[in-house]
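Everything on this sheet refers to the single structure shown next.
The values are calculated or read from the model by the stated rules, or taken from the named source; none is laboratory data. All values reported here derive from a predicted model rather than from experimental measurement. Here the Cβ is made from the backbone with ideal geometry for all residues, glycine too, and neighbour counts use every protein chain on show. Accessible surface is based on the protein model in full, side chains and every heavy atom, while ligands, DNA and RNA are left aside. Shrake-Rupley method; radii C 1.70, N 1.55, O 1.52, S 1.80 Å.
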Amino acid sequence: MVRTFVCAVLIILFSCQSKTGEIYSTAEGAIKGYDPVAYFKEGRPVKGEEKYVTEWKNAKWYFSSQANLEAFDSNPLKYAPQYGGFCAFGTAGGYKASTEPDAWTIVDDKLYLNYNTDVKREWMKDQTRLIHKADSNWVTVRQTAFSE
């Protein structure tokens, strides 16, 4: 009886944990189906294709080419957006927010996404301070629940 109860509690905890998720992902995948490597190689958001897909951190990641898929697979931390693809400005504020693929910046060879282009403009006014704040906040924000 106790064993069954413990198992039930563990199942509930693990299913709740998956809802907190470290990666912002929609039905289209991480970054709404955009290729994270393309931001670095092409300097713009590029929609990924279904034939070039991998799974990392319980999310599907799509790519525009086999080369980009292989680059990501060999070093996902290099290409994945910071803060799991949640809004960098929001993370600096202590919360998770969704992002749009066209609201992005690369700072010190790291990809940051924002809620929209208006928020990106605010983000860019004080990026260095906001990055330090978001880096510090991510330790706890990453474990919080998110709902759109």
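Summary of values
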read-out	value
Region 124-133, residues that are assigned to a helix (DSSP H, G or I) and either open to solvent by 50 Å² or more (accessible area, probe 1.4 Å) or closer than 27 Å to residue 47 by Cα (or both)	124, 125, 127, 128, 129, 131, 132, 133
Verdict on residue 49 being surrounded by 14 or more Cβ atoms within 10 Å (Cβ to Cβ) and modelled with pLDDT under 95	no
Subset of region 42-58 (residues that are touching a helix residue (DSSP H, G or I) at 6+ places or on another chain (Cβ under 8 Å), part of a strand (DSSP E or B) and within 18 Å of residue 70 (Cβ to Cβ))	52, 53, 54, 56
Yes/no for residue 145 being surrounded by 18 or more Cβ atoms within 10 Å (Cβ to Cβ) and either at pLDDT 95 or above or more than 18 Å from residue 29 (Cβ to Cβ) (or both)	no
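So that you can scan it fast, the table gives a plain yes or no per residue for (1) crowded, with 19+ Cβ neighbours inside 10 Å; (2) part of a helix (DSSP H, G or I); (3) in contact with a helix residue (DSSP H, G or I) (Cβ under 8 Å, 6 or more places away or on another chain):
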position	(1), (2), (3)
83	yes, yes, yes
96	yes, no, yes
101	yes, no, yes
122	no, yes, yes
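Table: residues versus (1) under 13 Å from the mean Cα position of the chain (by Cα); (2) buried (at least 18 other Cβ atoms within 10 Å of the Cβ).
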residue: 27; (1), (2): no, no
residue: 34; (1), (2): yes, yes
residue: 41; (1), (2): no, no
residue: 58; (1), (2): yes, no
residue: 71; (1), (2): no, yes
residue: 111; (1), (2): yes, yes
residue: 115; (1), (2): yes, yes
